[in-house]
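Throughout, read-outs are computed from the coordinates displayed, never taken from laboratory work. Being a predicted model, the structure only gives us computed values, none of them experimental. Methodologically, a virtual Cβ is constructed for each residue, glycine included, from the backbone with ideal geometry; neighbour enumeration extends over all protein chains shown.
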Amino acid sequence: MELNAKIPQGDLKDKWSYYKGNVKLVNPANKRKYNLIVVGTGLAGASAAASLAELGYNVKSFCFQDSPRRAHSIAAQGGINAAKNYQNDGDSVWRLFYDTIKGGDYRAREANVHRLAELSVNIIDQCVAQGVPFAREYGGLLDNRSFGGAQVSRTFYARGQTGQQLLLGAYSALMRQVGLGKVKLFPRYEMLDLVVVDGRARGIITRNLITGAVERHAADAVILATGGYGNLFYLSTNAKGSNVTASWRSYKRGALFANPCFTQIHPTCIPVKGDYQSKLTLMSESLRNDGRVWVPKRKGDTRKPMDIPENERDYYLERKYPSFGNLVPRDVASRNAKEVVDEGRGVGESGFAVYLDFADAIKRLGVDEIKMRYGNLFDMYYQITDEDPYKVPMRIYPAVHYTMGGLWVDYELMTTIPGLYALGECNFSDHGANRLGASALMQGLADGYFVIPYTIGNYLADHRPDGLDINAQEFETVEKEVNDRVGKLLSVNGSRTVDDFHRNLGQIMWEYVGMSRNEGGLKKAIKLISELRDEFWKDVKVLGRNEELNQSLEKAGRVADFLELGELVARGALNRNESCGGHFRAEYQTQENEALRDDENYCYVAAWQFKGDDQLPELHKENLKFEFVTPSQRSYK
Amino acid sequence: MSNGKKMNLSLKIWRQADKNSAGEFKDYTVNNVSPDMSFLEMLDVLNEELIIKGEEPVAFDHDCREGICGSCSLYINGRPHGPKRGVTACQLHMRSFHDGQSIVIEPWRANAFPVVKDLIVDRSAFDRIITAGGFVSVNSGGAADANSILISKDDVEYALDASQCIGCGACVAVCKNSSASLFVGAKIAHLSRLPQGSPERHKRAINMIKQMDKEGFGSCTNTEACAAECPKEISMDVIVTMRKEYMKAIKEME
Ligand SMILES: Cc1cc2nc3c(=O)[nH]c(=O)nc-3n(C[C@H](O)[C@H](O)[C@H](O)COP(=O)(O)OP(=O)(O)OC[C@H]3O[C@@H](n4cnc5c(N)ncnc54)[C@H](O)[C@@H]3O)c2cc1C
Ligand code: FES
């Protein structure tokens with residue numbers, strides 16, 4: 001299979017303009033004859049569904065929560081990047097592009113990333129027009145903060161709840177279209193499979209999560225905006241419902257899955273407390289603007305943080321990376337935390353934590369200012385730990401947070417199945433091997449508001465609406481497969497709960513496919529996961545029926561898919577004999593323990609093709625060409 | 001309070017098979033509850049035990065478990081989201097309870113929020129209220145530069161205080177009249193305070209309030225229970241703003 005990214009011609013900065021000027025269009029009167037399915041109502045899905053409906057297409061919008069407003073994007077805290085250069089501190093589209101490509105450790109496509117940087121400025125305009133209350137300065141202009149991996153202040157924010165405000169903006173646009181009759185909403189619906197007819201994506205099979213009814217939906221194109229797969233690790237910062245099912249089912253229907261092993265571990269999360277732990281809570285990266293990360297210099301120092309004098313503390317990020325200090329990218333910060341913990345210098349009861357200390361910032365800026373900047377994060381920390389971060393340093397540790405990998409898409413965001421698109425976190429497109437903070441919100445909204453409205457027309461213009469009937473044989477077949485699978489999950493009636501399996505899978509992933517990976521461990525993981533999968537299908541216990549609201553059944557389907565995905569992630573990691581970004585192979589590091597890339601052999605997107613349940617997936621390579629920047633060893637010193 | 005020791009608790013939980021069935025309270029016990037567990041983690045533990053015993057687990061809504069998605073909606077010992085001010089049930093920790101305590105857990109109760117199963121209710125009425133007018137009518141693309149209109153810090157902070165509503169429905173659940181005034185007021189206050197939302201402010205107020213009434217929410221009791229129980233501590237101010245906007249809108253129409 002030849003992977004064609006369909007990158008437009010011309011100089012980097014002209015590609016998107018050239019594309020827009022030459023793309024095929026659908027005449028306004030014809031748009032209303034097309035039916036589109038958008039799965040997901042996070043930033044990517046809600047913005048796409050609203051924008052496509054505004055253009056005149058008929059849109060069906062699906063989400064598994066009870067309301068589109070509750071999609072996982074709502075939880076994003078810190079902010080969204082845009083190359084506005086309002087601060088006059090030297091930012092530009094080029095610099096945002098460059099930071100993102102470099103931050104991704106040169107494993108993303110130049111053309112996509114440049115387009116993202118260009119569109120970033122429109123996003124802020126769009127959101128402000130919708131009434132998103134971004135933070136402002138006293139003069140009434142928009143305020144910015146800094147995030148990791150950048151030396152400019154380009155992050156727009158709304159306290160510590162930027163994702164919420166952006167999503168409510170996109171949700172309001174979506175609901176406006178619902179009112180206008182252009183979007184039909186399907187909340188508490190879960191897509192369980194994709195229907196491909198004559199090689200084109202033509203519909204989905206869903207389960208109504210209240211009644212259990214399995215239903216067919218046909219369309220002229222299907223857009224997935226179903227988020228990331230961080231919950232593969234069981235414990236992550238993702239919402240409990242976040243899952244891979246829509247992408248995974250599409251993979252099994254022929255869409256290639258790219259760079260599955262590019263997973264991001266976020267450096268600042270609240271450490272694990274006990275076995276009952278159900279998720280991990282992020283403490284936004286924005287905290288690293290003012291918080292200082294440290295551990296005691298001495299191993300096994302169990303004194304209280306306040307009792308450790310300044311000269312016995314090791315502010316290791318500031319020491320090792322003087323130019324970026326506490327604002328190094330996430331992968332670097334996480335790895336360094338693991339390193340000091342492995343040395344026995346971790347803090348807290350478990351020893352699996354480092355300090356994030358605000359004492360200096362409070363001295364410098366005052367409590368009120370800190371409250372204004374981070375109040376809700378401090379409150380959240382206090383709720384969870386019962387410790388007051390205004391008085392004692394926070395304890396933090398890395399946790400799984402984001403997945404750069406996802407469905408392979410070309411420049412138009414189309415997967416390898418014609419008519420199937422992937423937007424937002426569920427595609428692999430823009431972040432390479434490591435995502436910079438405040439860039440996921442940017443990508444989701446760029447994809448939904450500004451990219452898909454153009455690119456989908458180029459496909460639809462070649463495919464007249466034919467009002468495909470849901471009684472087509474292909475729908476019948478896939479629906480039966482879905483029903484069989486549901487029936488199978490319910491009939492095993494074994495002895496272990498779904499959560500038990502999920503936790504077990506998470507332990508394997510964290511241990512062998514987590515922050516540091518090596519050949520032996522990855523091989524072991526592949527074996528363990530496949531054994532666990534067999535056991536799942538023999539011993540899982542799912543009570544109740546299909547024809548009712550059945551949360552165990554919902555979880556079981558998702559975990560079954562994670563049990564397949566886990567193996568692909570491990571295989572991807574095993575294939576990539578280099579370290580880059582969030583993918584760290586212990587065998588490949590510099591003398592200073594930094595990631596050692598191998599551009600000669602691995603400067604490609606690894607796109608995996610499903611070949612059957614009993615077969616190994618096939619690897620396809622999209623070679624990355626760097627025409628405008630020169631990949632170099634990343635340095636944040 | 002618990003002093004870090006494990007607790008044994010007795011729970012009284014509302015069980016209801018579906019919208020059309022009658023529900024009832026059932027008694028359960030959970031032992032060895034750590035004070036560091038969240039309330040939902042305590043329910044997870046109960047559910048794991050139930051499944052192993054072959055009993056159906058308790059259904060409840062949740063997703064982010066960070067107090068921001070508005071999914072969780074438990075009425076705990078007579079209060080929405082439980083005993084602690086300013087937190088959602090998912091952010092409530094077991095250290096707020098003590099060993100041997102009995103805890104009653106119910107769904108939101110309101111005509112406009114029918115029970116779907118156990119502790120899960122249907123809050124789609126909120127979505128329909130937003131559909132009626134909780135937006136600014138702008139299409140994607142073509143917006144002017146974001147700094148072209150200045151907005152004072154006070155206005156933005158006020159708007160954000162209101163727009164941080166998570167749409168959980170605690171305000172409705174606690175209100176004797178099941179009024180949705182705090183929810184509706186929050187959206188009206190958010191948008192009417194910003195220049196972008198101003199042109200449609202009157203139409204918005206009329207349409208949202210009309211929809212609110214149509215959904216079967218009651219009228220405001222002025223007892224301020226909603227603001228007291230709101231996990232985001234949204235103030236009664238927004239209801240005052242809502243009324244003002246509505247009155248102005250009515251006048252304009254006359
Ligand atoms: C705690 C936290 C904080 C973050 N903070 C930031 C930040 O400050 N800045 C930043 O840039 N990024 C941040 N991120 C990352 C960012 O929030 C996400 O990457 C982004 O919101 C993903 O958006 P999305 O639209 O792709 O998917 P999501 O928001 O995850 O939405 C997925 C949607 O798909 C639906 N769905 C999924 N599967 C199915 C199915 N099978 N059937 C039907 N519907 C389905 C869901 O219902 C949901 O509506 C943060 C992430 C976390 C976890
Ligand atoms: S689960 Fe999201 S607010 Fe409680």
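Summed over all non-identical Cα pairs, the Kirkwood treatment of region A:536-630 gives a radius of 16.7 Å. Across peptide A:74-81, the mean count of Cβ atoms from other chains lying within 10 Å of each residue's own Cβ comes to 2. Where only DSSP H runs of four or more residues are counted, chain B gives -10500 deg cm²/dmol as its mean residue ellipticity at 222 nm, each run worth -39500 (n - 2.57).
Gyration tensor analysis over the Cα atoms of chain B returns equivalent ellipsoid semi-axes of 38, 20, 16 Å (largest first, whole Å). Once the gyration tensor of the Cα atoms in region B:111-196 is diagonalised, the equivalent ellipsoid follows with semi-axes of 31, 15, 10 Å, ordered largest first. Taking amide H as placed 1.01 Å from N in the peptide plane, the amide H of B:Arg15 sits under 5 Å from that of B:Glu24, B:Phe25, B:Lys26, each at least 5 places away or on another chain. Taking a ≥ b ≥ c as the square roots of the eigenvalues of the Cα gyration tensor, region B:7-117 is oblate, since a/c reaches 1.5 or more and a/b is not larger than b/c. Take every pair of alpha-carbon atoms less than 8 Å apart whose residues are at least six positions apart; their mean separation over the length of chain A yields a relative contact order of 20 percent. Built from the Cα atoms of region A:267-400, the convex hull projects on average onto 7.9 nm², one quarter of its surface area. Relative to the longest principal axis of the Cα atoms of chain B, the long axis of helix B:39-53 lies at roughly 50 degrees. In the protein assembly as shown, taking the dipole from charged Cβ atoms about the Cα centre, the farthest positive-side position among B:Ser140, A:Pro398, A:Pro260 is held by B:Ser140. Close amide H partners of A:Ala258, meaning residues 5 or more places away or on another chain with modelled amide H under 5 Å apart, are A:Gly406, A:Leu407, A:Trp408, A:Trp608. Once the chain from B:Glu224 to B:Lys203 is taken as fully extended at 0.36 nm per residue, the excess over their C-alpha distance is 4.9 nm. Remark: region A:459-476, residue by residue, has Karplus-estimated 3J(HN,Hα) of 7, 5, 4, 8, 10, 4, x, 10, x, 3, 8, 6, 8, 4, 4, 4, 5, 4 Hz, where x stands for each Gly or Pro and the curve is 6.51 cos²θ - 1.76 cosθ + 1.60 at θ = phi - 60°.
Near the amide H of A:Glu578, within less than 5 Å, lie no amide hydrogens of residues on another chain or at least 5 residues away, with H placed in the peptide plane.
Under 17 Å of direct C-alpha separation, and excluding same-chain neighbours fewer than eight residues apart, B:Lys19 reaches these lysines: B:Lys117. Placing +1 on the Cβ of every Lys and Arg and -1 on the Cβ of every Asp and Glu, with no other charges, gives region A:425-576 a dipole of roughly 780 debye about its Cα centre. Take the cross-link list A:Lys13/A:Lys625; A:Lys391/B:Lys232; A:Lys279/B:Lys153 and give me the ones stretching past 25 Å between alpha-carbons. Distance filter (> 25 Å) returns A:Lys279/B:Lys153. Think of region A:1-130 as a dipole: +1 on every Lys or Arg Cβ, -1 on every Asp or Glu Cβ, centred on the Cα centre; then among A:Ser61, A:Tyr86, A:Gly42, A:Ser61 lies furthest on the positive end.
Peptide A:273-281 is shielded by partner chain Cβ atoms: per residue, an average of 6 of them sit within 10 Å of its Cβ. Between 0 and 90 degrees, rounded to the nearest ten: what's the tilt of helix A:110-130 against the longest Cα principal axis of chain A? Once rounded, the angle reads 90 degrees. Rounded to the nearest 0.05, the FRET efficiency derived from the C-beta distance between A:Leu616 and B:Asn147 at R0 = 60 Å is 0.65. Taking every C-alpha pair closer than 8 Å and separated by at least 6 residues, the mean separation divided by the residue count of region A:1-157 gives a relative contact order of 19 percent.
Annotation note: trypsin sites (Lys or Arg not before Pro) in region B:66-102 located in DSSP loop regions with a Cβ neighbour count of at most 15 within 10 Å are B:Arg85. Using a Debye calculation, one point per C-alpha and no hydration shell, please list log10 I(q)/I(0) for region B:124-253 at q = 0.18 Å⁻¹ in order. Relative scattering, expressed as log10 I(q)/I(0), comes to -0.96. P(r) tail, region A:1-88: Cα-Cα pairs separated by more than 18 Å, 67% of all pairs. For the peptide A:174-183, the mean number of other protein chain Cβ atoms found within 10 angstrom of a residue's Cβ is 4.
Dipole magnitude for region A:490-597: computed about the Cα centre from +1 point charges on Lys and Arg Cβ and -1 point charges on Asp and Glu Cβ, it is near 140 debye. Listed values for region B:54-61 are Karplus-derived 3J(HN,Hα) couplings in whole Hz (6.51 cos²θ - 1.76 cosθ + 1.60, θ = phi - 60°), namely x, 9, 5, x, 7, 8, 8, 7, and x replaces Gly and Pro. Ordering A:270-276, B:39-45, B:246-252 by mean Cβ neighbour count within 10 Å, with the highest value first, yields B:39-45, A:270-276, B:246-252. Remark: region A:3-16, residue by residue, has Karplus-estimated 3J(HN,Hα) of 8, 10, 6, 6, 7, x, 6, x, 5, 3, 6, 9, 4, 5 Hz, where x stands for each Gly or Pro and the curve is 6.51 cos²θ - 1.76 cosθ + 1.60 at θ = phi - 60°.
Using the Cβ-Cβ distance between A:Thr302 and B:Gln101 with R0 set to 30 Å, the FRET efficiency from 1/(1 + (r/R0)^6) comes to roughly 0.35. Gain on full extension, evaluated as 0.36 nm per residue between A:Asn546 and A:Glu318 minus their Cα-Cα distance, stands at 76.6 nm. Across the options A:Gly566, A:Gly582, A:Leu549, the greatest Cα extent toward the positive end of the charge dipole of region A:490-597 (unit charges at beta carbon of Lys, Arg, Asp, Glu) belongs to A:Gly566. Placing +1 on each Lys and Arg Cβ and -1 on each Asp and Glu Cβ, with no other charges, gives the protein assembly as shown a dipole about its Cα centre of roughly 1080 debye. Under 12 Å Cα-Cα from A:Lys637, which aspartates and glutamates qualify once same-chain neighbours fewer than 8 residues away are excluded? Those aspartates and glutamates meeting the cut-off are A:Glu318, A:Glu592, A:Glu594.
The simple Förster model, with R0 at 41 Å and r as the Cβ-Cβ distance, assigns A:Gln151 and A:Glu476 a FRET efficiency of 0.10.
Take the Cα coordinates of chain A, assign each an equal point scatterer, and use the Debye formula without solvent to give log10 I(q)/I(0) at q = 0.05, 0.07 Å⁻¹. Listed by q, the Debye log ratios stand at -0.21, -0.41.
To the nearest ten degrees, helix A:162-179 and the longest principal axis of the Cα atoms of chain A are 20 degrees apart.
Bridging of A:Lys20 to lysines at a Cα separation below 20 Å is possible for A:Lys6, A:Lys31, once same-chain residues fewer than 8 apart are set aside.
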